[in-house]
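Read the structure below first, then the notes.
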Amino acid sequence: MTLSLAGRTASPAPQPVPVRVGGFGGAEGLAHYLASERIDALIDATHPYAATISANAAYATQQARTPMLALRRLPWAATAGDHWIDVPDVVTAVRALGSEPRRVFLALGRKELAPFVGAPQHHYLVRSVDPVDPPLAVPHAAYLTARGPFDEADERALLERNGIAIIVAKNSGGSATYGKIAAARELALPVIMLRRPSLPEAPTVSTVEEACAWLAHTLTLSTARGV
């Protein structure tokens, strides 16, 4: 078993299996890798917003005739007390902040931050796994480097300590980063929520246990067929 990482995080968490870091050279490169390494199955466990990687995986597995499963966390669902503003992309999120200065918590990946330069009137608190380099070209920005999980009590304290008025976030799903959503609900703060991108159709599960069961079944079939 090999775990493939895109290489966007400088210090990824240690893993108990062999790790490959870096791209494959697009969908064609991945298809060549699957065929040359005689890969028996591929599990696409990328972030729900990694649309390009998921599309490359779907294309490559079709070309290499490799079984593929998508492991996709279920999205969060708004509940009573939530005030979510649904937007399709970061540019729309920037517009949704409005023209009046606000204190904004940006809980996004580093690659999604650039459009906020177009709204320099706001005070931004930016949290990311790796440092934002170069920093945003805005007059008011503070930075936190941290890796989840983040619990609700700590998130509430962070929001209150920094006087946050609104949050911009992705609907990542799962429990590791849900604390800020629960804290926003308790503090009656609005959340500008980036809509998930369209992903390629594929057999899909939402838990690691289901993925392991699929993998065991797939490898059993492969062995039985002598593949």
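The values are calculated or read from the model by the stated rules, or taken from the named source; none is laboratory data. Not measured: the values here are computed from a predicted model. With ideal geometry, Cβ positions are generated from the backbone for all residues, glycine too; neighbour counts draw on all protein chains shown.
With respect to (1) over 19 Å from the mean Cα position of the chain (by Cα); (2) modelled with pLDDT under 95, the lone exception for THR79 is condition (2).
Restricting TYR49, TYR33 to those that are touching a helix residue (DSSP H, G or I) at 6+ places or on another chain (Cβ under 9 Å) and in contact (Cβ under 8 Å) with a residue 40 or more places away in the chain reduces the list to TYR49. Taking the criterion of being among the small types (Gly, Ala, Ser) and more than 17 Å from the chain's Cα centre (by Cα), the residues of region 94-113 that qualify are ALA96, GLY98, SER99. When PRO134, PRO101 are checked against the criterion of being at negative phi, out of contact with any strand residue (DSSP E or B) (no Cβ under 9 Å at 6 or more places or on another chain) and not polar (S, T, N, Q), a single residue qualifies: PRO134.
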